[in-house]
Structures are given as C-alpha cells and as structure tokens.
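Only one structure is covered here, and it is reproduced in the block below.
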Number of protein chains: 2
Amino acid sequence: MGIRTPFGEQFGLTYPIVLAPMAAVSGGRLAAAVSNAGGLGLVGGGYGDPDWLEAQLPVVRDGTSHSWGIGLITWIANRHIVELALRFQPHVFFLSFGDPRPFAPMIKDAGCVLICQVQDVDAAIQAKAAGADVIVAQGTEAGGHGALRATLPLVPAVADAVAPTPVLAAGGIADGRSLAAALLLGAQGAVIGTRFFACEESLGLPAAKQRICAAKGGDTVRTRIFDVVRGYAWPAAFTGRALRNRFTAQWAGREEALAQVAERERPGYQAAAAAGDFDTAVVFAGEAVDLIHDVPSAAELVRRIGVGAEARLKAGPSLIV
Amino acid sequence: MGIRTPFGEQFGLTYPIVLAPMAAVSGGRLAAAVSNAGGLGLVGGGYGDPDWLEAQLPVVRDGTSHSWGIGLITWIANRHIVELALRFQPHVFFLSFGDPRPFAPMIKDAGCVLICQVQDVDAAIQAKAAGADVIVAQGTEAGGHGALRATLPLVPAVADAVAPTPVLAAGGIADGRSLAAALLLGAQGAVIGTRFFACEESLGLPAAKQRICAAKGGDTVRTRIFDVVRGYAWPAAFTGRALRNRFTAQWAGREEALAQVAERERPGYQAAAAAGDFDTAVVFAGEAVDLIHDVPSAAELVRRIGVGAEARLKAGPSLIV
C-alpha cells in the first residue's frame, strides 16, 4: 500500500510525508527514521550551527539508503554553511524564510532538489522564478516560524500560481484526515512538523513532548518574544507559533519592552532552555496539537498518517451519488 | 450527480453547501437561489433589524420549496427577533458568536434544526451541550467576524470533540478543491460566504463584488475598526476579516484612538457605506478571495463547487497504490 504523487514518486516515497526540518528537533536520527519508514526526512539545520550539522548529517546519511534532506533558515544562511551541508550529498535542500536566490544556483548545481517554503502567493512566484523545484505553502497554523495566511485557502492559491510546479502543504497537518485533505486541495504531499516533534526519535526534550501531548490548539500563540529574548533578528514578516507558558503570559504583546531588557533576560532564558524549564523556554508547536496525544516512533507515525489518509481517500467516492 | 452526507440528506441537498448568513449580503433572493440550486440557503439576519428581516424572509420562504434558514449574531440577538424569524418557519436556525443557550429551547421547540457556529473546541462542546444539532467549525481565514483558529486543524479537532454530532467546515472554502478537502477532514458539508458575496443574487454592491474579484488573500486583515466606527460592541474574542482599504491603512492597530473619535467619524463612514465608497466602507471577505475571479449566479456557483468537489473525491483513490 502507499500513496503516490509525482513528488513522492521522485523520491520513491511510500507516503508523500515530509518531515519538517525543525531546528534542533529534527536531528539525523529522526530524519533517517522518517526516510526509512517511507517518508522524506529532513534535518533541521535551523540557524546553521556548523558543529551541530557536522554531528547530525552523518547520522542521517549513514542511517538510511533512502532520500533525505537538509533545511536551513534562509535569511541567516550563508554560502559556507550551505557548502558544508552539500558535502554530505543530501538529495533535497529545503529553504524557508527569506530570499532563496543567493543559494539556489549552488544547491541545484550540486544536483539537489530545491524545495522552497513560502507563506504567501507572491513569495511562491518568486521562489519558482529563483529555481525552486517544489514549493511548500505553509499556513499560519504551523508550529514554529511562519506568517499569517491559513493553509486551506493558501494551498490551492499557490498551486494555481505556480502550476505545474509541485506544491506541498504545511501547517495544521498531523493525521490521515489532514493529509488526505491536503492532497485533495491540490498538494502533492505534506510537510509535517509538530506531530513528529512528539515522537521517540525527535531531539525535543521529553518534557516538551509531554506539553505538546497535553496542549490544545487554543494554547498556541504566534509571537516574536522568543526571538527577541534569544537575540535573533528575524524579519518582521515572520513570527513563531509556540505553546503559551509563563513567559508568553509575561511578555506576549510587549515585544518592545522585552527588547529593552533582552540582554539581561537572556542568561536566565538560556538556563531555562538548557534545564528543560518550559514555563520559560519555548516549545514551538502548531494548532494541530489538538490531534496529538502520544509519543510513538517516527515509523509508527508515518504508517498511521499514511494509512489514515488512504482510508479517507478510498472513502471519498462513496459520498458521490 | 451529487454529494451525499448525513447532514445533506437531512435537508435533501444535492451538494452539502451552506450559504453563510452574511449580514446584509445574504438576502432572501440569494438564500432561495442557493436552496433551489441544491444547497442550503441562509438569510443573514445579522444584528437583527426587524424591518430588514420582515422584508427578506418572505422572499426566501416564497422563493423556494426546499429547506432554508436564518442566521443571527448571537450576542446581540433577543427573544423578540428570534420569535419574529421563527414566524416565517425556517427549517434551520444558525447562531454564531455568543452563548446559544438563551435561544436554543425556543428554536428547537419550533421544530427548527439548530446550527451553532463556533471558533474553538471549547465552544463546540458548549454548543453541543446547549442542544446544537449541527456544529460549524469556523476558521480564522473566514471573511467577516471570527476568531483565531485555522480551519484545517480546527475541523478534525471539533469533529473529535462533539462526535457523533455533525460538523460543517467554514473559512477558506470557495471551490471544489476546498469542499472536497473539508469533507475528507471529517466535515459533513461546508459553509461558504465570500464566494457567494461575489454572485449575482447577493445584496453586496457591485463595487464590493469587484473588489473581491480583484483582491488577493494577502489583501485581507482581521480587525475591529469597522465595529468601532459603526458602534457595535462586539465581544473581544471576535474580529472581522475585511479587505484592506484606505480606512484600514489609517486605523488598523489604532482601535483605541479610533474609539475616541468614533462618534465624530461615524456619519462620514455611514455616508461612505451608503455611497459604496469602499476606500472607507468595509468589504468583509475571507482569504479565499485568491480563488474568486467572477460574479456568476448562485446556481452556477453551487454547481461549479459541487461538480469540482465530485471530481476531486473521485480522483482520490487513484493516488493509492
């Protein structure tokens, strides 16, 4: 069994499920597990720490004989870190949040498939022009960084704008229903983050995974306060969706006040993050937390989501009279 | 042909498409046209103007032999206006934005099917407890009033929370793809607003319909400024998604400043609204404007969305290997 789309076929996927390259969460072991289970595993290179990448990329490269990839945050990436990643010969390079043009030629020259994640239609058109082979339309319900448009109306709008370039859906997808819905919307697959955060192989701390399992969709908020306290100069268009906690209760909506004391607050924040104190530290998570109640293996998740989507797709015609 | 769900079957619908009861836009003629085309037409009673309802409800009652309904804004409704509407013997009563308990018994005693629209899971559970026969899960991408959760992850979460009560999806649905997606998500139908705003029979002014056709999804914004200038005391949880215009450029994010001059600004605003000056007056519209490019008849829209969804549902199994 399996679900085949042209995108999935290109990489021999059993299911068109792509692991979102969640920074510091999607490590080499998780990426390999997703690829070995018939999805496409992407390592979350995030802000481009070379030591972290040197540690994680061999794990995925040596951990799977299937296709895998690497994701970076575009606005903070540089040629050095892209070259470092390319030396591990990923099959896929995933760029999100920024202009992909500085890196597209070197990625494509290396024989990598370039996937660009966008948050609106204009950026989709620009990414296609920059050479993206695949476009991800990411909705605001996604965990972590993103913008304002919602997945359901964004995916068909992006698909129309960039056809025949393949489009994947991201944001709010965590089970078979939402994968099936994404496929009927016109996506050739789905990028799934938060659901994989709460799996055995993710690098998220157990306490963070438990918060995701316990949270409801209304417990998330889009905010830039975690970027402010960490000292990341994210472009204004992008905020991060995270679980509400004591820190968001204290600072959300007071970004400028936090910015003024950020350097003083930073050591305490970093200590909380290191200690797994998620009353202070961020747990990036999307609105699909409503659908997440356990911490299974990545392989079980790929199977569960894939089989669930198959069942939905099969049942669709029974609605027609 | 047609698409059958238990919800649609209850009303003999050809397609499980419900006209959103858009205040001052979904008049009796539009509601009748949707019902006659095989959907379910709802008159947008909005804030409950008795003269408007006395004028519009006979049009739908006498304009269709199929099921039809009436929608009101719950927080501003009163027993008098509910009784007035019930005298026209609607088949469906649609309540949104507030506690349905004060009105649920009289509506159900009248033999009406009670549909409650909610914006989060907790409100869905409360609406079911209040006696709702059907729950609408409305995502933030919807035009007009709404809240923060997005449709794609909200619909399955609400469906799980209130099962086996039927759930409809609202927000971001404007074509066959999005209807098909909503059905695979677990909805038994879709409530569609903005797409019907831009149809022949809607009471929207031609200039407003043209703005919807020209707009992109990024041209909408959730804001309370149009409520502030109009003097409506909406509960804080609800904002209205509208097309950006000169008025939003001037006031969005400056609600408190606008509130201080609202009485002075109101006559000018009302004159602009009456004159169809949509640089100032509101055009409520959802993110699905990306998918809206023409002003056909309501019957053509029901057919187009329904046939499109059929095609998607039929094609789903071809993805399975």
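The values are calculated or read from the model by the stated rules, or taken from the named source; none is laboratory data. Computed from a predicted structure; not experimentally measured. Don't worry about glycine lacking a Cβ; one is built from the backbone with ideal geometry, like all the others, and counts go over all protein chains shown. Quick note on the areas: whole protein, heavy atoms, side chains included, nothing else; ligands and nucleic acids left out. Shrake-Rupley method; radii C 1.70, N 1.55, O 1.52, S 1.80 Å.
Of everything in region B:228-272, what is among the small types (Gly, Ala, Ser) and either in contact (Cβ under 8 Å) with a residue 60 or more places away in the chain or within 30 Å of residue B:122 (Cα to Cα) (or both)? Give them in sequence order.
Result: B:231, B:233, B:236, B:237, B:240, B:242, B:252, B:253.
Looking at region B:2-27 only, could you name the residues that are surrounded by fewer than 24 Cβ atoms within 10 Å (Cβ to Cβ), on the phi < 0 side of the Ramachandran plot and either within 14 Å of chain A (Cβ to nearest Cβ) or in a loop (DSSP other than H, G, I, E, B) (or both)?
B:4, B:5, B:6, B:7, B:9, B:11, B:14, B:23, B:27
What are the residues in region B:250-269 that are surrounded by fewer than 15 Cβ atoms within 10 Å (Cβ to Cβ) and within 22 Å of residue B:205 (Cα to Cα), if any?
B:266, B:267, B:268
Taking residue B:281 as meeting all but one of (1) among the aliphatic types (A, V, I, L, M); (2) under 25 Å from residue B:118 (Cα atoms); (3) out of contact with any strand residue (DSSP E or B) (no Cβ under 9 Å at 6 or more places or on another chain); (4) buried (at least 19 other Cβ atoms within 10 Å of the Cβ), write down the number of the exception.
It is condition (2) that residue B:281 fails.
Condition check: closer than 30 Å to residue A:167 by Cβ and buried (at least 23 other Cβ atoms within 10 Å of the Cβ). Does residue A:218 satisfy that?
Here the answer is no, as residue A:218 does not meet what is asked.
Could you say whether any residue in region B:197-214 is under 17 Å from the mean Cα position of the chain (by Cα), at pLDDT 95 or above and more than 16 Å from residue B:27 (Cα to Cα)?
yes
Go through region B:125-165 and report how many residues are over 30 Å from residue B:216 (Cβ atoms) and either of a type in the set (Val, Ile, Thr) or within 11 Å of chain A (Cβ to nearest Cβ) (or both).
8
Name, by its number, the condition in (1) free of Cβ contacts under 8 Å to residues at least 24 places away in the same chain; (2) surrounded by 24 or more Cβ atoms within 10 Å (Cβ to Cβ) that does not hold for residue B:196.
Exception for residue B:196: condition (1).
State all residues of region B:137-188 that are under 26 Å from residue A:159 (Cβ atoms) and either at pLDDT below 95 or part of a strand (DSSP E or B) (or both); if no residue qualifies, say none.
Within region B:137-188, B:137, B:138, B:144, B:146, B:167, B:168, B:169, B:170 meet the criteria.
Among the numbered criteria (1) of a type outside the set (Val, Ile, Thr); (2) buried (at least 20 other Cβ atoms within 10 Å of the Cβ); (3) under 27 Å from residue A:221 (Cβ atoms), which single criterion is violated by residue A:122?
So the condition that residue A:122 fails would be (2).
Residues that are within 16 Å of residue A:199 (Cβ to Cβ): find the helices (runs of 4 or more DSSP H) completely inside region A:209-321 holding 2 or more of those.
A:298-315
What's the number of the condition residue B:203 fails, among (1) open to solvent by 50 Å² or more (accessible area, probe 1.4 Å); (2) under 30 Å from residue A:288 (Cβ atoms); (3) of a type in the set (A, V, I, L, M, F, W, C)?
All conditions pass for residue B:203, except number (2).
Open to solvent by less than 20 Å² (accessible area, probe 1.4 Å), of a type outside the set (S, T, N, Q), assigned to a helix (DSSP H, G or I) and within 18 Å of residue B:97 (Cβ to Cβ): which single residue out of B:42, B:30, B:72, B:53 fits that description?
Unique residue meeting the criteria: B:53.
For region B:300-321, name all the residues that are open to solvent by 50 Å² or more (accessible area, probe 1.4 Å), more than 7 Å from chain A (Cβ to nearest Cβ) and either under 23 Å from residue B:143 (Cβ atoms) or touching a residue at least 24 places away in the same chain (Cβ under 8 Å) (or both).
B:300, B:303, B:304, B:307, B:311 - these are the residues of region B:300-321 that are open to solvent by 50 Å² or more (accessible area, probe 1.4 Å), more than 7 Å from chain A (Cβ to nearest Cβ) and either under 23 Å from residue B:143 (Cβ atoms) or touching a residue at least 24 places away in the same chain (Cβ under 8 Å) (or both).
Just checking, how many residues over region A:167-181 are more than 16 Å from residue A:307 (Cβ to Cβ), touching a strand residue (DSSP E or B) at 6+ places or on another chain (Cβ under 6 Å) and either open to solvent by 10 Å² or more (accessible area, probe 1.4 Å) or within 9 Å of another protein chain (Cβ to nearest Cβ) (or both)?
Summing the residues that are more than 16 Å from residue A:307 (Cβ to Cβ), touching a strand residue (DSSP E or B) at 6+ places or on another chain (Cβ under 6 Å) and either open to solvent by 10 Å² or more (accessible area, probe 1.4 Å) or within 9 Å of another protein chain (Cβ to nearest Cβ) (or both) in region A:167-181 gives 2.
Test of understanding: among B:111, B:98, which residue is assigned to a loop (DSSP other than H, G, I, E, B), at pLDDT 95 or above and in contact with a His (Cβ under 9 Å, 6 or more places away or on another chain)?
The unique qualifying residue is B:111.
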